[in-house]
Amino acid sequence: MALVVRNSRARNQGGTVDESDIHHPLLELRLTPDRGLGLFAKKIIKRGVRLLSETPLLVVVSKKGPVSYLDLRQELVKLSPAQLETLYDLQHNPKLLRPKLEAQIRDYAEFARKFVKDDAGMDHFVDCQIKVKAIFDTNATALRNKPGTAIFPLYSRANHSCTPNVYANYNPQLGSHTVHTIRDIHAGEEILTAYIDIAQASDEREENLAKRGVTCQCPACLPGDAFVTSERRRQRIFDFKRCSYAYEGDQVRASDVPAYIIPRNPIEALDRAHEIIKLLLQEGLLGMELAQAYRWASKYSLQSGMLEKAKAFAQKEAEVELYCLGKETGYMSEPSNAAGWTKQLEDMADKDKVKFKMCEKRMMKEAKRLDKKAEKKAKKR
Ligand SMILES: C[S@@+](CC[C@H](N)C(=O)[O-])C[C@H]1O[C@@H](n2cnc3c(N)ncnc32)[C@H](O)[C@@H]1O
């Protein structure tokens with residue numbers, strides 16, 4: 001077991017970091033002014049391109065709560081020297097160095113006597129292990145669709161933004177972690193991912209990012225006009241999402257939502273979903289949270305008797321799902337994926353379709369009548 005933690009990658013200020021290092025047709029590593037290394041686009045990349053499909057270097061499943069040093073240790077001993085080298089080469093955020101681990105590491109080293117020959121060896125071992133834990137905490141990503149927190153050779157180089165341009169997901173069908181662009185990216189632009197749930201107000205984002213040692217400086221976080229607009233929108237997205245969860249009966253995610261703002265019927269729920277979609281698009285939040293909002297809109301359209309509208313929203317959901325996740329979504333149980341939901345809508349019995357068509361016409365008529373009424377009222381004022 002190698003004990004030396006190096007940071008061998010050449011970091012020439014402002015320039016690229018020996019591009020051949022990552023052997024990627026679209027991406028290169030560069031040093032940023034304030035965030036260490038980052039991944040950058042070498043050329044224009046269209047939306048929906050799979051940038052990465054990586055197997056984790058290491059996955060740690062904690063028995064209880066956050067990953068402990070001993071949880072990590074159990075996985076570290078399984079790595080080959082080459083894998084350890086890749087791991088040691090990753091950045092560690094100094095804010096995540098935890099000297100308090102020392103006693104635990106010393107106990108462990110005493111127990112596994114082979115790691116230390118004398119006092120100097122012990123001190124060196126402790127320093128290295130504190131650093132290894134900091135490397136893990138700096139780079140670990142909680143996996144979607146699989147238990148555990150993982151480190152990746154390349155994805156771990158992606159910096160955070162509260163308005164990311166990629167979406168990352170663990171895909172059990174492929175057995176790999178994929179990263180797709182969620183909008184067009186220009187040559188030289190940095191690839192930015194989201195470390196946390198970004199559809200929430202800045203206080204919550206700040207608190208969650210601090211756990212990863214990050215103080216975000218993106219326009220949605222820094223004081224200014226852009227911040228004020230963004231803050232209002234994200235707060236509303238957060239509240240409206242909680243309304244939808246409450247309407248769905250998901251009390252956990254609906255936490256503390258006041259009863260008077262919970263939709264009372266599918267029309268009101270649809271109204272909220274429309275609002276979430278509008279706000280997400282305005283904020284440039286184009287990941288799977290947008291797919292979820294389209295699904296809500298589709299579902300509530302159906303419940304309101306508007307089958308065609310439900311299908312149109314399902315189509316939108318499928319588009320978002322495709323550019324975020326790719327085609328391989330069979331691992332999502334139907335109707336969790338957009339294809340399964342669309343099939344359900346398509347398979348509706350013909351008699352239901354007639355019923356829905358009639359209902360849809362009635363609803364459209366009613367909507368027009370209400371619009372006219374509102375228009376007259378506005379003119380009178
Ligand atoms: C997963 S690593 C990202 C790659 C890293 N920059 C490197 O040099 O290898 C996470 C670390 O990058 C830095 N970082 C990432 N996003 C940041 C942001 N938005 N603002 C400031 N620092 C950031 C922080 O030091 C954080 O602990």
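The values are calculated or read from the model by the stated rules, or taken from the named source; none is laboratory data. Fair warning: this is a prediction, and the values are worked out from it, not measured in the lab. Don't worry about glycine lacking a Cβ; one is built from the backbone with ideal geometry, like all the others, and counts go over all protein chains shown.
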List, please: which pairs have Cβ atoms under 9 Å, are six or more places apart or on different chains, and start with a residue in the range 79-99 that is in the same structural domain as ASN139 (by TED's automatic domain parsing) and among the polar types (S, T, N, Q) and end with one that is in a loop (DSSP other than H, G, I, E, B) and away from the ligand (no atom under 12 Å from the Cβ)? GLN83/LEU57; THR86/LEU57; THR86/LEU79
Just to be sure I understand the filter: pairs with C-beta atoms under 9 Å, separated by 6 or more residues or on different chains, first member in the range 285-299 and free of Cβ contacts under 8 Å to residues at least 40 places away in the same chain and farther than 13 Å from ASN337 by Cα, second member of a type in the set (A, V, I, L, M, F, W, C) and assigned to a loop (DSSP other than H, G, I, E, B). Which pairs pass? LEU290/ILE182
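Here is a yes/no grid of residues against (1) at pLDDT below 95; (2) under 20 Å from HIS177 (Cβ atoms); (3) in a helix (DSSP H, G or I):
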site	(1), (2), (3)
GLU289	no, yes, yes
TYR294	no, no, yes
TYR300	no, no, yes
GLU308	yes, no, yes
LYS316	no, no, yes
GLU319	no, no, yes
Note down all Cβ pairs under 6 Å where the first residue falls in the range 242-266 and is in contact (Cβ under 8 Å) with a residue 40 or more places away in the chain and not assigned by TED's automatic domain parsing to the domain that holds SER304, the second is outside any loop (DSSP other than H, G, I, E, B) and of a type in the set (S, T, N, Q), and they're at least six residues apart or on different chains. none
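If you scan the range 85-105, which residues turn out to be in contact with a helix residue (DSSP H, G or I) (Cβ under 8 Å, 6 or more places away or on another chain) and near the ligand (Cβ under 9 Å from one of its atoms)?
Hits for the range 85-105 are LEU90, GLN91, HIS92, ASN93, PRO94, LEU96.
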With touching a helix residue (DSSP H, G or I) at 6+ places or on another chain (Cβ under 8 Å) and touching a residue at least 60 places away in the same chain (Cβ under 8 Å) as the only criterion, which of ALA199, ALA273 stands out? ALA199
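Here's the yes/no breakdown for (1) of a type in the set (Val, Ile, Thr); (2) closer than 24 Å to GLY284 by Cα:
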| residue | (1), (2) |
| --- | --- |
| ALA142 | no, yes |
| GLY148 | no, no |
| PHE152 | no, no |
| THR163 | yes, yes |
| ARG183 | no, yes |
| ILE191 | yes, yes |
| ARG212 | no, yes |
| PRO223 | no, yes |
| ALA226 | no, yes |
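Restricting the search to the range 176-200, which residues are of a type in the set (Val, Ile, Thr) and within 24 Å of TYR331 (Cα to Cα)? Before you say what the answer is, go through the steps one by one.
Residues of the range 176-200 of a type in the set (Val, Ile, Thr): 178-179, 181-182, 185, 191, 193, 196, 198.
The answer is THR178, VAL179, THR181, ILE182, THR193, ILE196.
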